[in-house]
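Structure first, commentary second.
The values are calculated or read from the model by the stated rules, or taken from the named source; none is laboratory data. Remember, it's a predicted structure, so these values are computed and weren't measured experimentally. Here Cβ is always computed from backbone atoms with ideal geometry, including for glycine, and neighbour counts include all displayed protein chains. Accessible surface is based on the protein model in full, side chains and every heavy atom, while ligands, DNA and RNA are left aside. Shrake-Rupley method; radii C 1.70, N 1.55, O 1.52, S 1.80 Å.
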Amino acid sequence: MSSGSTVGVIIPVGAKAAIRPSLAFARSTTDYDGDMFIADEASSTTIVPGASVLFYLRSWENTRLYLSPQYSYARNTSSADDIETDPATSHTVNLMVGAQQQLGARFGVFAEAGLGWARH
């Protein structure tokens, strides 16, 4: 079983730029059945705060094209049979190109692709 979610808010800083702080959360739990596994249960929790700066390049009606440098920090904690391991952390920097579609006054969707670098 696993679950995850990301929440972000766009804060305009002018007609051509915005800041997007975000917070992602993921949790997974696995139950093992049988004698051949070392652990009966394993779980993992990941929390990822991050921030992006959106530089708007073009606009069409309710759609905007943007370039976005992004930074995020991830912290993962894991346990097996209630024995915790040391947390694993990583830093990620991305350069993304994306499109944002405004669906209402306070809601929109986006898609983006790009290149990134991570340090674990």
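Working note: Karplus 6.51/-1.76/1.60 with θ = phi - 60° gives region 20-29 the couplings 10, x, 9, 9, 10, 9, 9, 9, 9, 9 Hz, where Gly and Pro are set to x.
Residue ranges 93-106, 41-54, 59-72 sort as 41-54, 59-72, 93-106 when ordered by packing (mean number of other C-beta atoms within 10 Å per residue, highest first). Per-atom-type breakdown for the chain gives carbon and sulfur 60% of the accessible area (1.4 Å probe, protein chains only). Couplings for region 92-104, taken from phi via the Karplus curve 6.51 cos²θ - 1.76 cosθ + 1.60 with θ = phi - 60°, read 10, 10, 10, 10, 10, 10, x, 10, 10, 10, 7, 9, x Hz in order; Gly and Pro are left as x. Here are labelled values, (i) 37, 15, 11; (ii) 26, 13, 10; (iii) 41, 15, 12, and one is the computed semi-axes √(5λ) of the Cα gyration tensor in Å for what I pasted. Which one? Recomputing semi-axes √(5λ) of the Cα gyration tensor in Å here gives the entry labelled (i).
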